[in-house]
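To keep things clear, I will list the structure first and then write my remarks on it.
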Amino acid sequence: MPEHLRAFAGGDDDALWRRTTRKRLDDPRPVVLVPGVANRDARAVCEARQDRILAAAAAGDREELARELSESAQMRVWRGRSVVGWDVWVDAVLGLDVADAEQLRGEVETLDDELVALWMRAEAGLVEAGAGAVRLRDGKLCFELDPAVAPAALANAGRRAAPLAKEETGRPETVVDRPRGVRRIVENEPE
């Protein structure tokens, strides 16, 4: 039995109307490559990552190649080019051996949409300024910037990340979403 019906049967009259709060990303666009990221920014990040991966592969820098593949898998950057998945992206787009790429990337967990949106938005700002990349180290986003264009890059990243900023304190954990005019049905409750 669903939890809300069990709670209603147990005497919680608002259980049918209660819903948990949604995360910040409520993207109303009909075509979304990456939730919470403008499609042009998702494409820019994907193309920049592809360029760095291909450059590392051409230079034979397996350490850099492994880092780029790992971070790309965490963000699922291939969505920026409307590619179906990892295997197709590595084989058809990058032209790399899938087994070798999987070995280089290692075991990685995909990140939640909020962190991916923040990471991609920030990196898109750096890509626009031609400044560098954003890395995830120990759960923190780190900027690798060319100092000559750092002010423009940080301004771009900040402008893109600003819509994700939201006051988190005091936010209720659940919302009672009764239709207007429907009173709470509790006996002997003062109004």
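The values are calculated or read from the model by the stated rules, or taken from the named source; none is laboratory data. Being a predicted model, the structure only gives us computed values, none of them experimental. Cβ placement follows ideal geometry from the backbone for every residue including glycine, while neighbour counts extend to all protein chains displayed.
Values as computed for the structure displayed
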item: Residue within segment 31-49 that is surrounded by fewer than 15 Cβ atoms within 10 Å (Cβ to Cβ), more than 26 Å from Glu144 (Cβ to Cβ) and either at pLDDT below 85 or in contact with a helix residue (DSSP H, G or I) (Cβ under 9 Å, 6 or more places away or on another chain) (or both) present; result: yes
item: Selection from segment 125-139 of residues that are touching a residue at least 40 places away in the same chain (Cβ under 8 Å) and either among the basic types (Lys, Arg) or touching a Leu at 6+ places or on another chain (Cβ under 7 Å) (or both); result: Ala133, Arg135
item: Residue that is surrounded by the fewest Cβ atoms within 10 Å (Cβ to Cβ) [pool: residues in segment 56-84 that are more than 14 Å from Ala122 (Cβ to Cβ), in contact with a Leu (Cβ under 9 Å, 6 or more places away or on another chain) and of a type in the set (A, V, I, L, M, F, W, C)]; result: Ala59
item: Candidates Ala117, Ala155, Ala101, filtered to the one that is closer than 27 Å to Ala58 by Cα, modelled with pLDDT of 90 or more and either part of a helix (DSSP H, G or I) or out of contact with any Gly (no Cβ under 8 Å at 6 or more places or on another chain) (or both); result: Ala101
item: Close pairs from segment 1-28: first surrounded by 11 or more Cβ atoms within 10 Å (Cβ to Cβ), partner part of a loop (DSSP other than H, G, I, E, B) and at pLDDT 75 or above, Cβ under 6 Å, at least 6 apart; result: Leu25/Pro35; Leu25/Gly36; Asp27/Pro35; Asp27/Gly36
item: Tally, over segment 34-49, of residues that are under 12 Å from the mean Cα position of the chain (by Cα) and closer than 22 Å to Arg105 by Cβ; result: 3
item: Test: residue in segment 112-120 that is of a type in the set (Val, Ile, Thr) and touching a Phe, Trp or Tyr at 6+ places or on another chain (Cβ under 9 Å); result: no
item: Hits in segment 120-141 - residues which are β-branched (Val, Ile, Thr) and outside any helix (DSSP H, G or I); result: Val134
item: Meets criteria (surrounded by fewer than 16 Cβ atoms within 10 Å (Cβ to Cβ) and more than 18 Å from Ser72 (Cβ to Cβ)) for Asp97; result: no
item: Any hit, segment 40-53, residues being touching a strand residue (DSSP E or B) at 6+ places or on another chain (Cβ under 9 Å), touching a residue at least 12 places away in the same chain (Cβ under 8 Å) and assigned to a loop (DSSP other than H, G, I, E, B); result: no
item: Subset of segment 55-94 that is touching a residue at least 12 places away in the same chain (Cβ under 8 Å) and assigned to a loop (DSSP other than H, G, I, E, B) - its residue that is farthest from Gly36 (Cα to Cα); result: Ser82
item: Condition check for Arg135: surrounded by fewer than 14 Cβ atoms within 10 Å (Cβ to Cβ), within 18 Å of Ala153 (Cα to Cα) and not small (Gly, Ala, Ser); result: no
